[in-house]
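Derivation of every value follows stated rules applied to the coordinates shown; laboratory data play no part. Worth saying up front: this structure is predicted, and the values here are computed from it rather than measured. Methodologically, a virtual Cβ is constructed for each residue, glycine included, from the backbone with ideal geometry; neighbour enumeration extends over all protein chains shown.
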Amino acid sequence: MTDHNGQTAGTGRAPSPPNRLRALVGVFFTIVLTFVGLTAVTFVISRVMPVDPVLAIVGDRASQEVYDQVYLRLGLDQPIWVQYLRYINSLLHGDLGTSIMTGQTVMSDIARFFPATLELATVATLLGVFVGIPMGVVAAVNQGRWPDHVVRVVGLIGYSVPVFWLGLVALLVFYAKLGWTGGPGRVEVYFDGIVEPYTGVLLLDAALAGEWEVFRNAVSHLILPATLLGTFSLAYVARMTRSFMLDQLGQEYILTARVKGVSEFRVIWGHAFRNVLVQLITIIGLTYASLLEGSVLTETVFAWPGIGSYITRGLFNNDMNAVLGGTIVVGACFVGINMLSDVLYRLVDPRAR
Amino acid sequence: MASSDRLLQVHNLSVSFDTPRGEVNAVRGISFDLGREKLGIVGESGSGKSQTGRAILGLTGPGSRVTADRLEFDGINLLNADQATLRRVRGARISMIMQDPKFSLNPVMSVGRQIEEAYLVHTRANRREARERTLSMLASVQIRNPERVYDAYPHEVSGGMGQRVMIAMMMIPEPDIIIADEPTSALDVTVQLQVLAILDDMVSRRGMGLMFISHDLNLVASFCDRVLVMYAGRVVEVCEASQLHHAQHPYTRGLIGCLPSVSHPHEVLAVLDRDPEWATAPSAADP
């Protein structure tokens with residue numbers, strides 16, 4: 001065995017450059033394929049749906065002449081694959097068409113609505129990570145004792161109570177009765193438009209502009225919906241952390257660490273948790289991605305102008321450009337977060353390198 | 001055995017577990033002393049060998065109950081010691097080598113870091129000193145390229161090398177007692193002997209006490225000084241390792257009878273005939 005020292009210790013690490021290049025090309029192809037699939041499916045669905053995009057634009061009192069004109073302008077006389085290619089072409093030029101409901105380009109709509117969702121989802125996910133993970137670890141370490149029971153009940157509640165109900169109750173109690181938080185919307189009407197939307201993320205813009213009053217107001221508006229969404233992701237993250245942690249604590253390397261005389265704190269956070277983290281990355285990535293999709297219920301209850309309610313309203317108004325554009329943005333988020341968690345995964349787990 | 005040579009004294013040790021189906025007695029009142037010698041503990045699966053080793057370190061896990069008239073190491077009562085005292089004993093004074101390096105090494109921590117940690121926990125050394133020592137330790141378990149193995153992760157080393165890493169890790173704080181729980185069972189036969197030779201060399205050179213837990217009678221007979229034979233949580237026989245093949249107890253004789261022999265091949269191997277009386281007979285005392 002000693003003869004193999006060199007080889008065995010070296011295999012499987014630091015892929016050679018051609019290998020890495022091949023991996024990059026692979027990733028690129030996956031992305032392209034995902035997008036072609038995503039756009040093709042959404043496009044076809046939007047075209048075969050029994051809605052008349054022309055009628056949606058001209059209204060039912062327009063003359064046949066106007067109708068035909070718009071029909072031709074939209075290119076609806078062409079076969080569907082030509083329409084699709086045209087759509088892809090303009091998409092590549094950064095043109096997602098015009099939204100019927102808002103009369104703006106879909107691009108500018110998304111630039112307005114998506115940051116609101118991004119803000120909400122990010123704060124909710126951070127809450128899930130920084131509260132959910134410690135909760136799960138504490139529950140696992142105290143399995144069967146009261147901290148475990150508390151975490152499990154909280155997890156169950158956060159997971160099973162309907163968001164719209166909890167949202168309305170929270171608004172009633174904390175906004176209407178106690179007045180501790182802001183109400184629906186992102187910010188009070190009289191603060192609207194005070195800060196220049198550089199990023200669209202209101203907290204960031206307000207902080208950049210030094211408008212601390214706006215910032216405080218935005219926080220007070222964000223706190224309820226973010227806590228609500230956060231409770232959901234917190235419950236999920238805590239439950240998963242608990243079960244991953246229990247699994248790791250039963251592994252033999254934990255016994256090894258204890259035999260060495262390592263403190264219990266280091267056994268949990270230095271040994272077990274690093275292995276838990278490997279599994280958690282995927283979970284957190286998926287939760288974040290699904291929150292970025294926009295949670296229609298939360299956005300509706302809190303009148304939060306996010307991407308979820310934008311897409312939903314688009315659907316109700318037969319505004320297919322809005323739906324398509326929104327779907328593509330959500331798809332891009334999914335792909336982006338998956339890639340990010342892939343990279344993180346490789347950083348944390350030497351076996352995946 | 002002179003009393004000064006006794007590193008570890010175990011008297012009437014019992015380990016039991018609370019399970020949903022009632023209490024399970026893994027170890028039922030065993031006694032032995034361990035000096036600076038190689039003590040083999042043999043027995044079938046479930047005879048309580050491993051739990052004996054873990055009870056000494058106070059690592060039998062949740063739901064377990066350990067009782068003893070005496071469980072003493074170097075004047076320290078291990079039974080009533082608080083966690084801080086136990087942590088000072090673990091690794092530094094009494095250490096344990098586990099069966100399979102595939103499971104007993106942390107998969108996301110480099111080998112060097114894991115060995116180093118065993119040293120850093122018990123000394124005030126800085127990282128550079130610890131690294132130096134780790135490298136020399138790796139060299140002393142006959143790893144040819146210590147620098148390289150130091151940065152390797154457990155999945156990148158072979159089973160034999162992993163077990164040598166384990167030995168290095170458990171030896172680095174220079175403990176007085178090493179408990180080796182089936183240290184070669186997961187390894188290829190050819191690698192087994194190499195790993196045993198390394199273990200033997202280190203134990204003899206440093207004058208440690210070794211508790212060698214195994215189910216391999218021949219291995220124990222040739223490797224150890226003294227042998228404890230366990231059955232159903234009790235010690236049924238204690239003898240000099242060289243005398244193992246002349247053992248008296250019917251259980252030990254039965255175990256030996258089950259072994260195939262190249263020089264005297266049997267058509268049909270003997271099957272162990274268990275006498276329920278063995279389980280209830282008093283545990284053999286230390287001679």
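What the table below lists for this structure:
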| read-out | value |
| --- | --- |
| Rh by Kirkwood over Cα pairs, then Stokes-Einstein D for the stretch A:15-95 at 1.002 mPa s and 20 °C, µm²/s | 139 |
| Relative contact order (%) - chain B, alpha-carbon pairs under 8 angstrom, separation at least six | 24 |
| Folded to 0 to 90 degrees: helix B:189-206 orientation relative to chain B principal axis, Cα | 80 |
| Taking all pairs of distinct alpha-carbon atoms in chain B, Kirkwood radius in angstrom | 19.9 |
| Residue order, fewest to most surrounding Cβ atoms within 10 angstrom, among A:TRP146, A:TRP165 | A:TRP146, A:TRP165 |
| Rough spin-label spacing in nm, given labels placed 7 Å along Cα→Cβ, for A:ASP247 and B:GLN248 | 5.3 |
| Relative contact order of chain A, defined on C-alpha pairs under 8 angstrom at six or more residues apart (%) | 25 |
| Global geometry of the stretch B:1-121, whether rounded, prolate or oblate, following the gyration tensor of its Cα atoms and the 1.5 cut on a/c | oblate |
| Leading residue at positive end of dipole, chain A (Cβ point charges), from A:PHE29, A:TRP212, A:GLY97 | A:PHE29 |
| Point-to-point label distance, A:LEU74-A:LEU315, nm (Cα→Cβ direction, 7 Å offset) | 1.9 |
| Exposure proxy order (Cβ contacts within 10 Å, fewest to most) of B:THR280, A:THR298 | B:THR280, A:THR298 |
| Spherically averaged projected area of the protein assembly as shown from its Cα convex hull (nm²) | 41.1 |
| Distance-filtered residues of the stretch A:214-238 - backbone nitrogen under 20 Å, label point 7 angstrom along A:TYR190 Cα→Cβ | A:214-222 |
| Highest-first arrangement of B:201-210, B:51-60, where packing means the average Cβ count within 10 Å | B:51-60, B:201-210 |
| Candidates B:GLY112, B:GLY162, B:GLY46: whichever shows maximal mean-square fluctuation once chain B is modelled as a Gaussian network with Cα springs under 10 Å | B:GLY46 |
| Pairwise centroid distance, computed over Cα atoms, of the stretch A:186-225 with the stretch A:79-155, Å | 20 |
| Sequence ranges A:148-156, B:267-275, ranked by mean other-Cβ count within 10 angstrom, highest first | A:148-156, B:267-275 |
| Added length on full extension, which subtracts the Cα-Cα distance from 0.36 nm per residue, A:GLU264 to A:ALA176 | 27.0 nm |
| Pair-distance profile P(r), taking every C-alpha pair of chain A, with 10 angstrom steps and integer % | 5, 18, 24, 23, 17, 8, 3, 1, 0 |
| Shielding of B:140-153 by partner chains, average beta-carbon count, 10 Å | 4 |
| Spin-label pair A:HIS93/B:ARG65, simplified geometry with 7 Å Cα→Cβ offset, distance in nm | 8.2 |
| Average beta carbon contacts from partner chains per residue of B:48-60, 10 Å cutoff | 1 |
| Exposure proxy order (Cβ contacts within 10 Å, fewest to most) of A:SER90, B:SER140 | A:SER90, B:SER140 |
